[in-house]
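Structure, as structure tokens:
The values are calculated or read from the model by the stated rules, or taken from the named source; none is laboratory data. Small disclaimer: the values here were computed from a predicted structure and weren't measured. Cβ placement follows ideal geometry from the backbone for every residue including glycine, while neighbour counts extend to all protein chains displayed. Note: accessible area is taken over every heavy atom of the protein model, side chains too, but ligands, DNA and RNA are not part of it. Shrake-Rupley method; radii C 1.70, N 1.55, O 1.52, S 1.80 Å.
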Amino acid sequence: PADIKTVLFTHSHPDHLWSGPLLARECGAELALTEPESAFLKNQGQKFFPPPIRPEIINAPYTLVKEGRLNFGGHSLDIILNPGHSPGGLSLHFPAEKVLVVGDLYCPGTIGAIDLPGGCPKDMYASVERLQALAEVETVLCGHGPAIVGRAGVLANYELLNAEIAAKKAAGVI
């Protein structure tokens, strides 16, 4: 735990953010969200947290990150804004390692939930389409479910996601 310096959250839903204040308090870790996600958390998103812990989560000292390249310890990652599951969601792309962390934007075989507060089908589908342009990705780490490993697996998963998106568009969801 002493080696944890920064915790960059993909979004502010409880199953991802809940331990943030503990990590800040116990490890001295810096907590980071995108600006749109921080605004969501302080407004509509606080409904996800019960009153006893709500102030600790909502008022934690979050560093606001923006889309772009982040260099650290000889590594680099690209922060990619991906609204849809939540308004300020982000993905983390490690180009040298060919790894993409998508949070809850999608899971193996399906897109993430869009029916929660702050979810937006149109943004979700645009975000998924944007990530498909990252041709060098060979491993996808999702917020739920197993990793998607191998370029063929990544492409096969996008085929499933595209079919789901097309079906939702045909059904008038977006």
- prompt: Just for segment 135-153: of the residues that are out of contact with any helix residue (DSSP H, G or I) (no Cβ under 7 Å at 6 or more places or on another chain) and assigned to a loop (DSSP other than H, G, I, E, B), which one is least open to solvent (accessible area, probe 1.4 Å)?
  reply: 150
Number of the exception - residue 75 against (1) touching a residue at least 12 places away in the same chain (Cβ under 8 Å); (2) touching a Leu at 6+ places or on another chain (Cβ under 9 Å): (2)
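Name the residues in segment 45-82 that are within 17 Å of residue 15 (Cβ to Cβ) and of a type outside the set (Lys, Arg), would you?
Narrowing segment 45-82 to residues within 17 Å of residue 15 (Cβ to Cβ): 45-50, 53-54, 56-58, 60.
Across segment 45-82, the qualifying residues are 45, 46, 48, 49, 50, 53, 56, 57, 58, 60.
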message: Suppose we filter segment 61-95 for residues that are modelled with pLDDT under 90 and among the small types (Gly, Ala, Ser); how many remain?
response: 2
